[in-house]
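The values are calculated or read from the model by the stated rules, or taken from the named source; none is laboratory data. Predicted model, so just to flag it, every value in this text is computed and none were measured. Quick reminder, even Gly has a Cβ in these numbers, built from the backbone with ideal geometry, and neighbours come from all protein chains shown. Protein only, heavy atoms only, side chains kept; ligands, DNA and RNA dropped before computing areas. Shrake-Rupley method; radii C 1.70, N 1.55, O 1.52, S 1.80 Å.
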Amino acid sequence: MRQRSPWFHALMIPFTLLWVAPMVFVLIVALRPFSDIVARGLSALPTTLSWEGFETALTTGGIGGALRNSAIVTVVAVVLSLFLASLAAYALSRFRIPGRTVILLLMLAGNLLPPQILLIPVAKITEALGIYDTLFALIIVQVGFGLGFYTFVLHGFMRALPNEVFEAARIDGAGPVRIYALIVLPLARPSLAALTALATTWIFNDLIWAMTVLRTEDNFPITAALLNLQGGFVSQWNVVAAGAVIAAIPTAVVFFIFQKQFVSGLLVGANK
């Protein structure tokens, strides 16, 4: 493997520091007591560290409950989206369905619409269905708007799987369900892992749909709760910074777990 030039590292170090500096600054502010910020200013180096901001954000600020709501929505929406997308991709790539190309393109076209033009229709539909202001409504919206893209990506991967594998399974007496469960899903594990990382990041960090279908603060996910936190603790920067740090931790953990799949997932299926 060819080693990179020392000049490359020398050039990238300033960019790395520039990228990391805001996160370090927010973390330091989150760990400073409010009294220290008032006495010495926001940009001063801390003399003491405290968990005061995190405790206030998780309890009084409502970040703890919002984090739970985000976890519920994200886990259920990701699992349900990828399960339905894998079924749809398997059917569209392996069965002679009339107009399957048109179906796939229509599913993908839904992701090309600007979400701003759909806010009012989505809100009205959830009200008509009686699910407005519930986590269930937010889950359904996240699944609906992500399903097309996930199906498109998995379709490109499953279509490239060798036909010999499926023919051998049919000769052994395996039906469509067994082939899907024992052959397709294990082979599609890399693409599913990549989409899990992407979907988790998108859904957990979403704000626009949360503000569209939710009204009660007790149902707010972490992104919407951060807006309330900034309004309620506008002068307590340590609390606001602590809320931002808490909100960033789950997606950062998911990214590092699926780091390789996350990067390769940007091009998954492109070379199939």
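General observations
- Scattering profile of region 86-244 at q = 0.09, 0.18 Å⁻¹ [log10 I(q)/I(0), Debye over alpha-carbon scatterers]: -0.44, -1.11
- For M158, M12, M107, M23, the ranking by accessible surface with the largest value first comes to M23, M12, M107, M158, using a 1.4 Å probe.
- Angle between the chain longest axis and helix 119-129 axis [Cα atoms, degrees, rounded to 10]: 70 degrees
- Computed from label points 7 Å out along Cα-Cβ, the spacing between T59 and V79 is 3.2 nm.
- Simple label model, 7 Å out from Cα along Cβ direction - M12 to Q230, nm: 3.2 nm
- For the chain, the longest principal axis of the alpha carbon atoms and the long axis of helix 63-94 meet at an angle near 20°.
- Short to long, the 5 Å bins of the Cα pair-distance histogram for the chain hold 1, 5, 10, 12, 13, 13, 12, 11, 9, 7, 4, 2, 1, 1, 0, 0 percent of all pairs.
- For region 1-118, the average shadow cast by the Cα convex hull is 15.6 nm², which is a quarter of the hull's surface.
- Between the Cα long axis of helix 222-232 and the first principal axis of the chain there is an angle of about 20°, rounded to the nearest 10.
- Separation of region 158-173 and region 1-62, taken as the distance between their Cα centroids, equals 52 angstrom.
- Computed E for F136/L49 - FRET, C-beta separation, R0 35 angstrom, nearest 0.05: 0.30
- Highest mobility in the GNM of the chain, judged by mean-square fluctuation with C-alpha springs under 10 Å and restricted to A252, A91, A39, is found for A39.
- For the chain, adding -39500 (n - 2.57) for each run of n ≥ 4 DSSP H residues and dividing by the number of residues yields -22500 deg cm²/dmol at 222 nm.
- Here's the picture: charge each Lys and Arg Cβ at +1 and each Asp and Glu Cβ at -1 in region 1-68, and of V26, T60, T48 the one pushed furthest to the positive end of that dipole is V26.
- Largest mean-square fluctuation among T59, T16, T126, in a Gaussian network model of the chain whose springs join Cα atoms under 10 Å apart, belongs to T16.
- Listed residues Q116, Q236, Q142, most fluctuating in the chain (Gaussian network, C-alpha, under 10 Å): Q116
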